[in-house]
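Novice: My structure is below; once you've seen it, I'll send some questions.
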Amino acid sequence: MTQAWISPADRLRALPPYVFARLDELKANARAEGLDLIDLGMGNPDGATPQPVVDAAIAALQDPANHGYPPFEGTANFRQAITSWYERRYSVKLDPDGEALPLLGSKEGLAHLAIAYINPGDLVLVPSPSYPAHFRGPLIASANIHQIILKPEQDWVIDLGSIPDDVADRAKVLYFNYPNNPTAATAPRDFFEDVVKFALKHEIMLVHDLCYAELAFDGYQPTSLLEIPGAKDLGVEFHTLSKTYNMAGWRVGFVVGNRDIIQGLRTLKTNMDYGIFAALQTAAQSALELPDSYLEIVQQRYIERRDCLIEAFGKLGWSIPKTKATMYLWVPCPPGLSATEFALTVLQKTGVVLTPGSAFGAGGEGYVRVSLIAECDRLREAVTRLDKADIRYA
Ligand SMILES: Cc1ncc(COP(=O)(O)O)c(C=O)c1O
């Protein structure tokens, strides 16, 4: 029996429905009707975790020293592996005691950071479209959100000049993410320099999400916020092992950067969770220590998929520029269809699952995100099904 007096807190009711949960329902219905789904909806890598990482986990599982509560701040070895990786990768030196904190996946940390730092009514700058935790975390913290609408004519890079001075002066935090989910956009190093100047001028905490640090192609190297002089005085950067190492189910991420910001997040988390199972931290350490040849294999896989899907879409009239990073293509909907209408039509007529851009905020309207999480033959088949169902761009 439903009890009328059992009602969630206002902060939960302020949240728009989570589109991925709704998509899951629709997918279940479609499967029940016998449709062979090609699911390109979520950013869930389809590859296996590298064998050395699995082996390290198995060995660590056998060690009873790993079976108790892990240390709140993460194991010293994993924190050391994080800062060594940072130095190797970006030539940035960080203190493993205080400037690096392991997370139960970066989504958890991104959302908890908002709860640790945002008071009800504080103003938070969030691009639209953006990864949902960047606005849902602040919404849970009862923030006021100023959406920075990203535009194709600006290559989906934030136009800092479009943010009115009085808004910037009132803002407490800016969330941003390049290489970007969902648009697959990248931002030049100049942008990172400008954003640090902007944040200093307006006294804004920077939260950069470098989820796709290693899924970069054709020689492109994404910038870390912490490479920019002064960034560590006012910002943090989130990373995940989910994408690069096919470890989405393991729930391992980390945040690095400003010691004080990390301390606040750590204090909150000390009251909420016990951190990552120590055996998985040992395995995660081995992932960060894998040779670059592993990265080349992963990158090559996404390059092949990107190229075959762009070519197949091209035959149906979609002209999609070559992406330099991420595991997504950002595809404009045929004229006259909203993102949700288009994604639903495609799902119902073809069994291909795409994510409507509007799931990432109003700025994503008119686009769908396609995840490169299937082999080329399945990706080509997805486009053949669109063709047969007469779904074309023009
Ligand atoms: C930009 C961005 N940040 C964070 C995440 C979440 O990663 P994790 O698995 O570490 O929680 C994702 C996942 O798709 C993402 O796209």
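Novice: If GLU108 satisfies all but one of (1) away from the ligand (no atom under 12 Å from the Cβ); (2) outside any strand (DSSP E or B), what's the number of the condition it fails?
Specialist: Only one criterion is unmet by GLU108, namely (1).
Novice: May I ask you to list pairs of residues, at least six apart or on different chains, whose Cβ atoms are under 6 Å apart, with the first in the range 169-190 being at positive phi and not assigned by TED's automatic domain parsing to the domain that holds ASN144 and the second being modelled with pLDDT of 95 or more and open to solvent by less than 10 Å² (accessible area, probe 1.4 Å)?
Specialist: The qualifying pairs do not exist here.
Novice: Turning to a different aspect of this structure: If I ask for residues that are touching a strand residue (DSSP E or B) at 6+ places or on another chain (Cβ under 8 Å) and under 29 Å from ALA81 (Cα atoms), which ones from the range 274-328 would you list?
Specialist: Those that are touching a strand residue (DSSP E or B) at 6+ places or on another chain (Cβ under 8 Å) and under 29 Å from ALA81 (Cα atoms): GLY275, ILE276, GLN281, ALA284, GLN299, LYS324, ALA325, MET327, TYR328.
Novice: Does GLU99 satisfy the condition of being among the acidic types (Asp, Glu), away from the ligand (no atom under 16 Å from the Cβ) and without any contact (Cβ under 8 Å) to a residue 24 or more places away in the chain?
Specialist: When the stated conditions are applied, GLU99 does not pass them.
Novice: Just name the residue that is most open to solvent (accessible area, probe 1.4 Å) out of those in the range 7-23 that are touching a helix residue (DSSP H, G or I) at 6+ places or on another chain (Cβ under 7 Å) and over 18 Å from PRO129 (Cα atoms).
Specialist: Among residues in the range 7-23 that are touching a helix residue (DSSP H, G or I) at 6+ places or on another chain (Cβ under 7 Å) and over 18 Å from PRO129 (Cα atoms), the one most open to solvent (accessible area, probe 1.4 Å) is ARG11.
Novice: Checking ARG369 against (1) of a type in the set (D, E, K, R); (2) closer than 16 Å to ASP39 by Cβ; (3) open to solvent by 10 Å² or more (accessible area, probe 1.4 Å): exactly one of these is not met. Which one?
Specialist: Exception for ARG369: condition (3).
Novice: Let me ask something additional. For PRO120, indicate whether it is within 16 Å of the ligand (Cβ to nearest atom) and of a type outside the set (S, T, N, Q).
Specialist: Here the answer is no, as PRO120 does not meet what is asked.
Novice: Within the range 313-333, does at least one residue satisfy the condition of being touching a residue at least 40 places away in the same chain (Cβ under 8 Å), farther than 28 Å from PRO188 by Cα and among the basic types (Lys, Arg)?
Specialist: So far as the range 313-333 goes, yes, one or more of its residues are touching a residue at least 40 places away in the same chain (Cβ under 8 Å), farther than 28 Å from PRO188 by Cα and among the basic types (Lys, Arg).
Novice: Could you tell me whether the range 150-157 includes any residue that is part of a loop (DSSP other than H, G, I, E, B), within 16 Å of the ligand (Cβ to nearest atom), of a type in the set (Phe, Trp, Tyr) and on the phi > 0 side of the Ramachandran plot?
Specialist: Yes, the range 150-157 contains a residue that is part of a loop (DSSP other than H, G, I, E, B), within 16 Å of the ligand (Cβ to nearest atom), of a type in the set (Phe, Trp, Tyr) and on the phi > 0 side of the Ramachandran plot.
Novice: While we're here: Which condition breaks for ARG88 when tested against (1) more than 30 Å from GLN154 (Cα to Cα); (2) open to solvent by 30 Å² or more (accessible area, probe 1.4 Å); (3) in a helix (DSSP H, G or I); (4) in contact (Cβ under 8 Å) with a residue 60 or more places away in the chain?
Specialist: (4)
Novice: A further question follows. Here are some residues: TYR86, TYR69. Which one is away from the ligand (no atom under 16 Å from the Cβ) and touching a Phe, Trp or Tyr at 6+ places or on another chain (Cβ under 6 Å)?
Specialist: Sole residue among the options that is away from the ligand (no atom under 16 Å from the Cβ) and touching a Phe, Trp or Tyr at 6+ places or on another chain (Cβ under 6 Å): TYR69.
Novice: Looking at (1) buried (at least 18 other Cβ atoms within 10 Å of the Cβ); (2) under 27 Å from ARG251 (Cα atoms); (3) touching a Ser or Thr at 6+ places or on another chain (Cβ under 7 Å), can you tell me which one SER128 breaks?
Specialist: Unmet for SER128, out of (1) buried (at least 18 other Cβ atoms within 10 Å of the Cβ); (2) under 27 Å from ARG251 (Cα atoms); (3) touching a Ser or Thr at 6+ places or on another chain (Cβ under 7 Å): (3).
Novice: I would also like to ask the following. Quick one: MET42 ticks every box in (1) under 29 Å from ILE297 (Cα atoms); (2) more than 16 Å from the ligand (Cβ to nearest atom); (3) modelled with pLDDT under 95 except a single one, so which number is it?
Specialist: Against the list (1) under 29 Å from ILE297 (Cα atoms); (2) more than 16 Å from the ligand (Cβ to nearest atom); (3) modelled with pLDDT under 95, MET42 comes up short only on (2).
Novice: Do we find a residue being touching a residue at least 24 places away in the same chain (Cβ under 8 Å), open to solvent by 40 Å² or more (accessible area, probe 1.4 Å) and among the aliphatic types (A, V, I, L, M) anywhere in the range 260-272?
Specialist: yes
The values are calculated or read from the model by the stated rules, or taken from the named source; none is laboratory data. What you see is a predicted model, and the numbers here were worked out from it, not measured in a lab. Methodologically, a virtual Cβ is constructed for each residue, glycine included, from the backbone with ideal geometry; neighbour enumeration extends over all protein chains shown. We work out accessible area using only protein heavy atoms, side chains counted, and drop any ligands, DNA or RNA first. Shrake-Rupley method; radii C 1.70, N 1.55, O 1.52, S 1.80 Å.
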